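I have placed the structure first, in the form of structure tokens, so that the comments after it can refer back to it.
The values are calculated or read from the model by the stated rules, or taken from the named source; none is laboratory data. Worth saying up front: this structure is predicted, and the values here are computed from it rather than measured. When we count neighbours, we look across all protein chains shown, and the Cβ atoms used for this are built from the backbone with ideal geometry, even at glycine.
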Amino acid sequence: METVLKILLVIILCIVAVFILAVIITNVYCAARKDKKRRPGDIWEDRMRNKLGLPWTFTRYGLDKERLFIDKGFLNMVSYEARLYRITDVSLTRTLWQRIIGTGTILVFSSDRSLGNFKIRNIKNSVIVKELLSQTVETERQSKRVYTRENMVDVSEGDTGEGFDGEMDDDSDAFSDSV
């Protein structure tokens, strides 16, 4: 019985040692590649992280002044590109585990036909990246003069809208979502 416990302990210690070594090698590799970007004009780039917070996946994200890139795959590569002026909203979700390991998932709402709404999953420094993406999107939308009109209705307390007869004004453009 004691020999079985010793063998299990040795196996567990070996697994922990290999994991620690892999984390160290990953950190050294990421530090060496920190200033080397895949695309020269990128403001930000990162890899999707696995459940342990390590960049051992084949999904890469990149952001430049005009576009957001998503590259997926190892043998069969697929590249997606979203123009920043088509992004309408950005939000952040972080589970308890993601907060512990320092990652998060950014939800991107866009009017892009090929991507639609999508997620930038498990990225490091997600709060900073979300703010960077939000500011870059806003700058690009202003430079392209793209504005959205949101249909906001002021409903005061107690007003349920039951008195509305359904007739609309002749100015139907006031109800459109975008220009």
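As for the range 120-132, it holds no residue that is surrounded by fewer than 17 Cβ atoms within 10 Å (Cβ to Cβ) and of a type in the set (Ser, Thr, Tyr). Scanning the range 101-114 for residues that are of a type outside the set (Val, Ile, Thr) and surrounded by 12 or more Cβ atoms within 10 Å (Cβ to Cβ) returns Gly102, Gly104, Leu107, Phe109, Ser110, Ser111, Asp112.
Note on the range 39-100: enclosed strands (runs of 3 or more DSSP E) holding 3 or more residues that are modelled with pLDDT of 90 or more, loosely packed, with under 15 Cβ neighbours inside 10 Å and under 15 Å from the mean Cα position of the chain (by Cα) are 87-93.
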